[in-house]
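Here the structure comes first, spelled out in structure tokens, and everything after it is commentary.
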Amino acid sequence: MGHGGIIDNPVLAEMAKSYNKSVAQLCIRYIVQLGLIVLPKSSNPDHIKSNGEVDFVISDKDMETLKKIELAKDKNKNKLFFDENMDNF
């Protein structure tokens, strides 16, 4: 899915806000809508609970936007997403 500064990405923050969800929830839902299995990691009970609250649908337009977000080339920097073929993973 993503790691690091992904939570601070302004495009994702604005999109998540439009769904009244967190960036983490948006990212989890994106992966679910690609038909993949999500294994979010957290030790915080509140985060664990919110990770399961992804009962919304990302619009086709927003899914296309998410698929086109620029990927960081360095794995230690804000790698965002992979596509449904895992070509960018």
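The mean accessible area for residues of segment 10-68, using a 1.4 Å probe and ignoring ligands and nucleic acids, is 64 Å² per residue.
If the chain linking Asp8 and Ser43 were pulled fully straight, counting 0.36 nm for each residue of separation and taking away their Cα-Cα distance, it would gain 10.6 nm.
The values are calculated or read from the model by the stated rules, or taken from the named source; none is laboratory data. This one's a predicted model, so the numbers in the text were calculated from it and none came from an experiment. When the accessible area is computed, the model is the full protein with side chains, heavy atoms only, and any ligands, DNA or RNA have been set aside. Shrake-Rupley method; radii C 1.70, N 1.55, O 1.52, S 1.80 Å.
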